[in-house]
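See below for the structure under consideration.
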Amino acid sequence: MNSTSSRRRLEVLIAEDSPTQAAHLKNLLEGQDFDVITTRDGKEALETLRRHKPSLVIADILMPVMDGYELCRRIRADASLADLPLILLTALSDPGDVFKGLECGADNFLTKPYDPANLVARIEFLLANAHLGNREKVQTSMEIFLAGRKHVITSDRAQILNLLLSTYEAAVQKNHELAQAQDELTRLNAQLEGKVLERTASLAAEIVERKRAEAEVRKLNEELELRVRERTTELEAANRELEAFSYSVSHDLRSPLRAVDIFSKDLREGFSPQMSSEAQQLLNRVISNAGRMTQLIDDLLRFSHLNRHPVSKQLIDVGTMVRDISEELRREHPGRAVDVRLDDLPDSIGDRSLLTQVFANLLANAFKFTRHKEKAVIEVGYKQVEGEGVYFVRDNGAGFDMRYAENLFGVFQRVHSQEEFEGTGVGLSIVRRIIQRHGGRIWASAEVGKGATFFFTLPPAPPRPSRA
């Protein structure tokens, strides 16, 4: 197992929805001469495993579509995959994680962030056991009660022992780190006490020079203020240069992308009959990706320029604005049956163009994520929540898992795959930035397959004068 030639033939499948963490783990394992296959979620991992069986599986617990626990259960239920060693990546913040790992039949836990040497040692240990045929075939079943809940564990004893040992090892490591931190704190406290004593002893001598010290402090403050002003000016100039550079780069990117798009479409129109079906599919993918890249550049530019857009405060008829946007979306989707319900929406104070982007983005998302519904229902309304006025946009579409709600408003963060619903993952970031610039906040509530609701606050308009 320690020889490089034998390890090169071993394959590890990674199930990790974060591209950054998946790439980091892949590079780490490839540096140890493992062959690595990466998948984006549990469903894709299971499909890959049924086509090609690797030597070991490493799965993150929190993933869309199918999480790590469910992937583990599916593997153990498949006779052709049941003997695969499986490591779960976890934070181990709850004792229930351990029972879930035992219930699904995992072999090992690895806590994030993981030490590379520890990771390789765990893999080699599991692969050695699998190679030597040490996995027990006799399973035990036991019931354990924790925090008022019953857990039924059905796994072989070696699995249970390996997983609990990995959990114990993680706990020991955490305790070791805590002990080191406590030792460091003790050392720092001792240093602090020594400095306090030194400072106390020198106070008597400093009283005589207090006025001189105060004058020096004032001088330093003046110098600091001057440096802050200079630094602020430098940063503003650097931001302007960065924005100019971003514009230049995006402009330079647009030109070749436009050329790729135009030439590819000309090639498809002029030579499509002479191409094989595979060549036509590849050409269509080039055209599709060129369009997506163009949209991504436009979204990034709009996001980066958002802070420079001055917020012009004016009275806005929100009801009329939303009605116009919904009618425009209806014209863009003539073949769909979409029931758009508009409640009585009060006026607001804000920037008309920016708030139009907010409602247009949220309504466009509602249209997009309800397109698989035979009867789509979209509601735009307003209500009082704990004395605060809240607008909302609700739909009965695809929805999402609330475990990933925090990802919604991050740049490039998505909770649906590109194959399910198109998009760049920038729109909701723009929406949140606009609402924050108006002094409001935004949040969401959803359920998979039952739709989503986006709530947000805006400055209310002053009451209209009553007629005498």
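Summary of values
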read-out: The range 267-279 - phi-based ³J(HN,Hα) in whole Hz, Karplus 6.51/-1.76/1.60, Gly and Pro as x; value: 5, 5, 6, x, 10, 4, x, 8, 9, 6, 4, 5, 5
read-out: Rounded FRET efficiency, nearest 0.05, which uses the C-beta distance separating E406 from H24 and R0 of 25 Å; value: 0.75
read-out: Highest average packing first - 427-434, 111-118, Cβ atoms within 10 Å; value: 427-434, 111-118
read-out: Residue-normalised accessible area of the range 313-419, expressed per residue, 1.4 Å probe, Å²; value: 51
read-out: Residue-span extension gain [K211 to Q384] - 0.36 nm each, minus C-alpha spacing; value: 56.5 nm
read-out: Extension gain, E198 back to K313 (0.36 nm per residue minus Cα-Cα distance, nm); value: 35.7 nm
read-out: Apportionment of accessible area to carbon and sulfur, the range 172-228, percent (1.4 Å); value: 59
read-out: Amide H contacts of V340 (H built 1.01 Å from N, under 5 Å, at least 5 apart or other chain); value: I378
read-out: Mean Cβ count within 10 Å, highest first, over the residues of peptides 44-52, 82-90, 336-344, 218-226; value: 82-90, 44-52, 336-344, 218-226
read-out: Sites A337 and D83 - FRET efficiency at Förster radius 60 Å, r taken between beta-carbons, to 0.05; value: 0.75
read-out: Whole-number accessible area per residue in Å² for the range 35-116, which is evaluated in the context of all protein chains at 1.4 Å; value: 40
read-out: The range 181-229 - accessible surface per residue (Å², probe 1.4 Å); value: 95
read-out: 5 angstrom amide H check on L62, placed H, neighbours 5+ away; value: G68
read-out: Per-residue ³J(HN,Hα) for the range 433-445, Karplus 6.51 cos²θ - 1.76 cosθ + 1.60, θ = phi - 60°, Hz, x for Gly and Pro; value: 4, 5, 5, 5, 5, 8, x, x, 9, 9, 8, 9, 9
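The values are calculated or read from the model by the stated rules, or taken from the named source; none is laboratory data. Note that the structure is a prediction, hence the values are computed from the model and not measured. Because the Cβ atoms are built from the backbone with ideal geometry, glycine has one as well, and the counts that use them run over all protein chains shown. In case anyone asks, the SASA skips ligands and DNA or RNA and just uses the protein heavy atoms, side chains included. Shrake-Rupley method; radii C 1.70, N 1.55, O 1.52, S 1.80 Å.
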